[in-house]
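The values are calculated or read from the model by the stated rules, or taken from the named source; none is laboratory data. Keep in mind the model is a prediction, meaning the values are calculated, not measured. As a convention, Cβ positions derive from the backbone with ideal geometry for all residues, glycine included, and neighbour counts pool all protein chains shown.
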Amino acid sequence: MRRGRRFAGVAGAALVATLLLAAAGGAVGAKEGGTFRIAEAGLFGTIDPAHLKFAPELEVLRTTCGALVAYPNKRPPAGFRVEPDLAEALPRVSRDAKTFTFTIRKDARFSNGAPVLARDFVHAFERILDPAMKSPGVPYIELVAGAHAILEGKTKKLAGATARGRTLTLRMTRPAWDFPIALASSGGMCAVPSTLSADPEGARAPLPSAGPYYVSEYVPGERVVLLRNRFYRGPRPHHVDRFVVQLGVGPVAAFEQVLSGSADYALGPPTYFADKADTFVRRYGLNKTQFFAVPAPGIRMFALNSSRPLLKGNVKLRQAINFAVDRPALARELGPYASTVTDQFIPPNLPGHVSARIYPLTGPDLRKARALAAGNTRTGKAVLYTSDTPVDIAQAQILQQNLARIGIALEIQKFPIGLLFDKLATPGEPFDIGRVSWGGLTDPGFLNFLFDGRTIGQPGHGNWSYFDSSKFNRMLDRAARIPLGPARYRAYGEIDVQLSRDAAPAIPYGILNQFTLVSSRVGCIVVNPALDLTAACLK
């Protein structure tokens, strides 16, 4: 999970009904083959799975990645349910959730024809853990026994990994029920040939891969060419013959190439759409053939500090604030079509989401808000910590007006975004409400990160509401121990509703949307939340 710092905005509540249809685009009128052209704005810097960090790298090279488990090339919410990729099935998990056993598919092959064996994954993990690689993938596998010995330079062998032919066994240092989610979320846990060295400069092309495509050519700063893996027999779709990525085009020029038809897709910053979404909707429609705005796995909210005198043990006031907030007004400040109004924490396209309509999505309900606030406003004063950006200041002023109507005077304190996050993460900091945004929330287990009271004060904790309820701690702990599958999603869905309705530890108001613009040639469109290049075809 990462702190959300990108552009965000909102469509009105009417957008909600169409968002989950946005993955549309079947193969009607599509053809097999052809060259898919991509313009990239300037962040692409590697083809090495151990070095992947920026969104353009992850989007393009997902087409080449053969992983043990992965998020499938499907529309949400199915597209956020972890499925086997090169493994025959989800792993066998020991009762203590410390041992995971995978069996590699018999037909798994690298693009050079070599079979994929368990040792190739062990080697991939050891490359990531090699301190010389400085890989961003380390956090996803550092629970494997022996990982820290490699990181500290004591050995190059991963003690907790055992490879026997197609069978891979991984031992953890502590129970890790969500380990398959970590593998699927990393983007870089791809099989690599056991002969591929750990080079701090990164792998070079041609690079054998076990996914539907492989990198046949890479000229840094100029182009990347992907070709079909002719040995690939897995379930993932793959229609085009090749992808050609022109690198370093520039943010505006990349999207202009799509509009002119000289590129089929652009990899660029979402800020490009800040003042263009309305124009694109008028030109192409919304979530139809070329322009899409769909919920990304993230949340914007205001944390309600349950450790402070105003809100501690004051559930009725926390609920009153949620009824008093004008969610559409907050969302309008963010811009058109860039977020979806919500009153819950699990995004609507994630497994486990249950639409409960707990608080008003079309404007405040002051009658209920005032009834709940009556006799519970205590000092009648609150402090808001927010960032010093124009959007956040405007939202703070809206919240200030909303709370004044239920007898709460809100003082606004502004900080640079980095300092804001540091302050919110510091126990004892004297704020009552805090501006919070999180992204990368691909599994409902993020509720543990946000609201498990036992994490408060730990390094990197995300419970900035300082919410500590023995009841919800138990519920979150039980849910985290449920293996992947429907029971896990149901458990988190129930917790989400109860948290928002009965505890109100925060004010969720917006699910961030992600924009996609493609040329008229593109078909088989799956947007989850970015364009799924592997599934794409040409008309």
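Residue by residue, here is whether (1) surrounded by fewer than 23 Cβ atoms within 10 Å (Cβ to Cβ); (2) over 17 Å from S185 (Cα atoms); (3) free of Cβ contacts under 8 Å to residues at least 40 places away in the same chain holds:
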site: I38; (1), (2), (3): no, yes, no
site: C65; (1), (2), (3): no, no, no
site: Y71; (1), (2), (3): no, no, no
site: R81; (1), (2), (3): yes, no, no
site: S94; (1), (2), (3): yes, yes, yes
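Taking the numbered list (1) touching a strand residue (DSSP E or B) at 6+ places or on another chain (Cβ under 9 Å); (2) in a helix (DSSP H, G or I); (3) over 24 Å from E217 (Cβ atoms); (4) not aromatic (F, W, Y) in turn, T271 passes all entries but (1). Going by the conditions given, is N305 farther than 15 Å from V383 by Cβ and of a type in the set (S, T, N, Q)? Here the answer is no, as N305 does not meet what is asked.
All of (1) surrounded by fewer than 22 Cβ atoms within 10 Å (Cβ to Cβ); (2) in contact with a strand residue (DSSP E or B) (Cβ under 9 Å, 6 or more places away or on another chain); (3) assigned to a loop (DSSP other than H, G, I, E, B); (4) not charged (D, E, K, R) hold for L311 with one exception: (1). Anything in segment 396-417 that is among the small types (G, A, S) and in contact with a strand residue (DSSP E or B) (Cβ under 6 Å, 6 or more places away or on another chain)? List them, or say none. A396, A409, listed by residue number. Among G26, G45, G113, which is the only one that is part of a loop (DSSP other than H, G, I, E, B), closer than 27 Å to T340 by Cα and either more than 21 Å from the chain's Cα centre (by Cα) or at pLDDT 95 or above (or both)? Selected residue: G26, the only one of G26, G45, G113 that is part of a loop (DSSP other than H, G, I, E, B), closer than 27 Å to T340 by Cα and either more than 21 Å from the chain's Cα centre (by Cα) or at pLDDT 95 or above (or both).
Would segment 476-484 turn up any residue that is out of contact with any helix residue (DSSP H, G or I) (no Cβ under 8 Å at 6 or more places or on another chain) and among the aliphatic types (A, V, I, L, M)? Among the residues of segment 476-484, not one is out of contact with any helix residue (DSSP H, G or I) (no Cβ under 8 Å at 6 or more places or on another chain) and among the aliphatic types (A, V, I, L, M), which makes the answer no.
When each of G248, G221 is tested for being under 29 Å from V281 (Cα atoms), out of contact with any helix residue (DSSP H, G or I) (no Cβ under 8 Å at 6 or more places or on another chain) and small (G, A, S), the lone residue that passes is G248. Of the residues making up segment 466-500, those that are at pLDDT 95 or above and part of a loop (DSSP other than H, G, I, E, B) are Y466, F467, D468, S469. Of everything in segment 460-496 that is within 21 Å of the chain's Cα centre (by Cα) and loosely packed, with under 13 Cβ neighbours inside 10 Å, the residue that is nearest to P180 (Cα to Cα) is G485. Being part of a loop (DSSP other than H, G, I, E, B) and either touching a residue at least 12 places away in the same chain (Cβ under 8 Å) or small (G, A, S) (or both) is the filter here; which residues of segment 447-465 pass it? If the condition is that a residue be part of a loop (DSSP other than H, G, I, E, B) and either touching a residue at least 12 places away in the same chain (Cβ under 8 Å) or small (G, A, S) (or both), then D452, I456, G457, G460, H461, G462, N463, W464, S465 are the ones that fit.
Count of segment 248-268 residues, restricted to those that are among the small types (G, A, S), over 24 Å from the mean Cα position of the chain (by Cα) and assigned to a loop (DSSP other than H, G, I, E, B), is 5.
Quick grid of which residues meet (1) of a type in the set (A, V, I, L, M); (2) free of Cβ contacts under 8 Å to residues at least 60 places away in the same chain; (3) closer than 21 Å to I511 by Cα:
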residue: L361; (1), (2), (3): yes, no, yes
residue: T379; (1), (2), (3): no, no, no
residue: N402; (1), (2), (3): no, no, yes
residue: G445; (1), (2), (3): no, no, yes
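Taken over segment 61-82, the criterion of being assigned to a loop (DSSP other than H, G, I, E, B), more than 21 Å from G445 (Cα to Cα) and touching an Asp or Glu at 6+ places or on another chain (Cβ under 7 Å) is satisfied by G66, N73. Here is a check on your reading of the model: is P390 of a type outside the set (A, V, I, L, M, F, W, C), out of contact with any Lys or Arg (no Cβ under 8 Å at 6 or more places or on another chain) and within 26 Å of G493 (Cβ to Cβ)? No: the conditions fail for P390. Could you tell me whether V215 is of a type in the set (A, V, I, L, M, F, W, C), at pLDDT 95 or above and under 16 Å from T35 (Cα atoms)? So V215 passes the test. Scanning segment 497-522 for residues that are out of contact with any Ser or Thr (no Cβ under 6 Å at 6 or more places or on another chain), farther than 20 Å from Y272 by Cβ and buried (at least 23 other Cβ atoms within 10 Å of the Cβ) turns up L499, S500, A504, I507, Y509. Restricting attention to segment 124-160, which residues are touching a strand residue (DSSP E or B) at 6+ places or on another chain (Cβ under 9 Å), assigned to a loop (DSSP other than H, G, I, E, B) and at negative phi? L143, A145, L158, A159, G160 - these are the residues of segment 124-160 that are touching a strand residue (DSSP E or B) at 6+ places or on another chain (Cβ under 9 Å), assigned to a loop (DSSP other than H, G, I, E, B) and at negative phi. Quick check, is G188 of a type in the set (G, A, S), within 22 Å of A87 (Cβ to Cβ) and free of Cβ contacts under 8 Å to residues at least 60 places away in the same chain? Here the answer is no, as G188 does not meet what is asked.
Contact map, segment 422-433: residues that are closer than 12 Å to S307 by Cα paired with residues that are in a loop (DSSP other than H, G, I, E, B) and at pLDDT below 95, Cβ distance under 7 Å, separation 6+ or inter-chain. Pairs shown: P427/G457.
Looking at segment 335-352 only, could you name the residues that are assigned to a loop (DSSP other than H, G, I, E, B), of a type in the set (A, V, I, L, M) and modelled with pLDDT of 90 or more? Scanning segment 335-352 gives I346, L350.
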